[in-house]
Amino acid sequence: MLTVIGSFVSPYVRKVLACLELKGLDYEVDPITPFYGNDEFTRLSPLRRIPVLIDGDFHCSDSSVVCAYLDEAYGGYPLLPEGPRDRAKARWLEEFADTRLGDVFIWGLFYQKFVRPRVWEEEPDHARVDRVLAEDVPCVLDYLEGELPAEGYAFGQLGLADLAIATFFVNARYAGFDVDAARWPRVAGFVAAVIAEPVMQKLLGFEAIQLNASIKGRRQALMDAGVRLTAESWGLKEPRRGMMAL
Ligand SMILES: N[C@@H](CCC(=O)N[C@@H](CS)C(=O)NCC(=O)O)C(=O)O
């Protein structure tokens with residue numbers, strides 16, 4: 001049994017879970033919110049970030065490292081296309097998503113509008129949000145509009161690059177942002193198609209429970225929905241500041 005540490009609401013955790021689902025692998029989850037990890041979590045994830053994967057006596061963190069491990073260790077449904085060039089291109093799109101979409105949509109919008117009020121009881125940095133929406137978002141969407149196909153996925157069948165990109169738009173939505181389909185039709189169509197995939201819909205159902213159930217009833221509600229939760233948790237009751245400069 002594989003274990004994933006990390007909340008369903010994290011884009012990076014969602015990417016890993018979608019890959020596990022695509023591969024049909026069994027897994028259990030400790031759905032902790034980042035910043036709440038205990039000392040053992042710090043040992044498993046030295047940057048104190050989610051996701052972490054535990055596979056028996058082996059563990060690794062970072063969603064890209066985890067997905068690459070899953071593809072190499074378990075075979076089955078391939079996460080990457082065939083051929084060195086397409087594989088390199090897919091890895092680049094994943095890297096662009098993790099780094100740039102992460103900066104823009106997670107730290108620039110989701111962290112500001114969703115995490116700051118809920119975790120830290122702080123106001124968003126409104127100036128930063130305005131700047132991100134006016135300058136950074138159009139820039140990344142223009143780039144993706146030029147990279148994505150008019151129809152279908154980046155390399156034929158649904159794969160890691162598609163999931164890596166689309167996952168950030170779920171969090172963007174939580175922060176109140178939707179892609180303008182008139183200005184970026186490829187991005188809008190692509191994101192809608194990936195999110196409509198059964199693997200994503202299943203996970204979105206779990207995260208709706210994580211977001212909406214009371215703290216007391218959450219564990220039971222997740223288990224009732226079919227989530228296998230870990231017996232132990234790597235979470236604390238109080239958050240600790242992370243290592244990122246915020
Ligand atoms: N490159 C990492 C990024 C993971 C990441 O930034 N996760 C966020 C949650 S969405 C986190 O744990 N943030 C806590 C922090 O940076 O302190 C990956 O791909 O896994």
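Details
- Across all directions, the average projected area of the convex hull around the alpha carbons of the chain is 13.0 nm².
- Counted residue by residue at 0.36 nm each, then reduced by the alpha carbon distance between them, the extension gain from ALA196 to GLU95 reaches 34.1 nm.
- Within-11-Å neighbourhood charge of LEU211 [Cβ basis; K, R +1; D, E -1]: +1
- Counting charges near ARG49 (Lys, Arg +1; Asp, Glu -1) among other residues having Cβ under 12 Å from its Cβ returns a value of -1.
- Shown here for the range 5-113: GluC sites (Glu not before Pro) in loop regions (DSSP other than H, G, I, E, B) with at most 14 other Cβ atoms within 10 Å, namely GLU82.
- Dipole magnitude (debye, nearest 20) for the chain, charges at Cβ of Lys, Arg, Asp, Glu: 460
- Normalised per residue, the accessible area of the range 1-135 is 45 Å², obtained with a 1.4 Å probe and no contribution from ligands, DNA or RNA.
- Fraction of accessible area attributable to carbon and sulfur, the chain (%, probe 1.4 Å): 52
- Among GLN210, VAL13, ALA166 - extreme Cα towards positive end, dipole of the chain, charges at beta-carbon: GLN210
- Cα-based reach from LYS15 at 21 Å (exclusive), listing lysines while leaving out same-chain residues under 8 positions away: LYS23, LYS89, LYS202
- Loop-resident sites, the range 145-198, for trypsin sites (Lys or Arg not before Pro), counting at most 10 other Cβ within 10 Å (DSSP): none
- Of the listed residues CYS67, CYS139, the order by accessible area with a 1.4 Å probe, largest first, is CYS139, CYS67.
- Only helices enter this figure: runs of n ≥ 4 DSSP H residues, each worth -39500 (n - 2.57), summed and divided by the residues of the chain, yield -14000 deg cm²/dmol at 222 nm to the nearest 500.
- Values of log10 I(q)/I(0), in the order q = 0.17, 0.20, 0.23, 0.24 Å⁻¹, for the range 84-198 under a Debye, Cα-only, solvent-free model: -0.81, -1.06, -1.31, -1.40
- Computed over the range 84-198: relative contact order in percent, which uses C-alpha pairs under 8 Å that are six or more apart: 34
- Stokes-Einstein D in µm²/s, Kirkwood radius over Cα pairs - the range 16-88 at 37 °C with 0.692 mPa s viscosity: 245
- Environment charge at ALA90 (Cβ cut-off 12 Å; Lys +1, Arg +1, Asp -1, Glu -1): -3
The values are calculated or read from the model by the stated rules, or taken from the named source; none is laboratory data. In this text the structure is predicted, and so the values were computed from the model without any measurement. With ideal geometry, Cβ positions are generated from the backbone for all residues, glycine too; neighbour counts draw on all protein chains shown. Just so you know, the surface numbers come from the protein's heavy atoms only, side chains and all, with ligands and any DNA or RNA stripped out. Shrake-Rupley method; radii C 1.70, N 1.55, O 1.52, S 1.80 Å.
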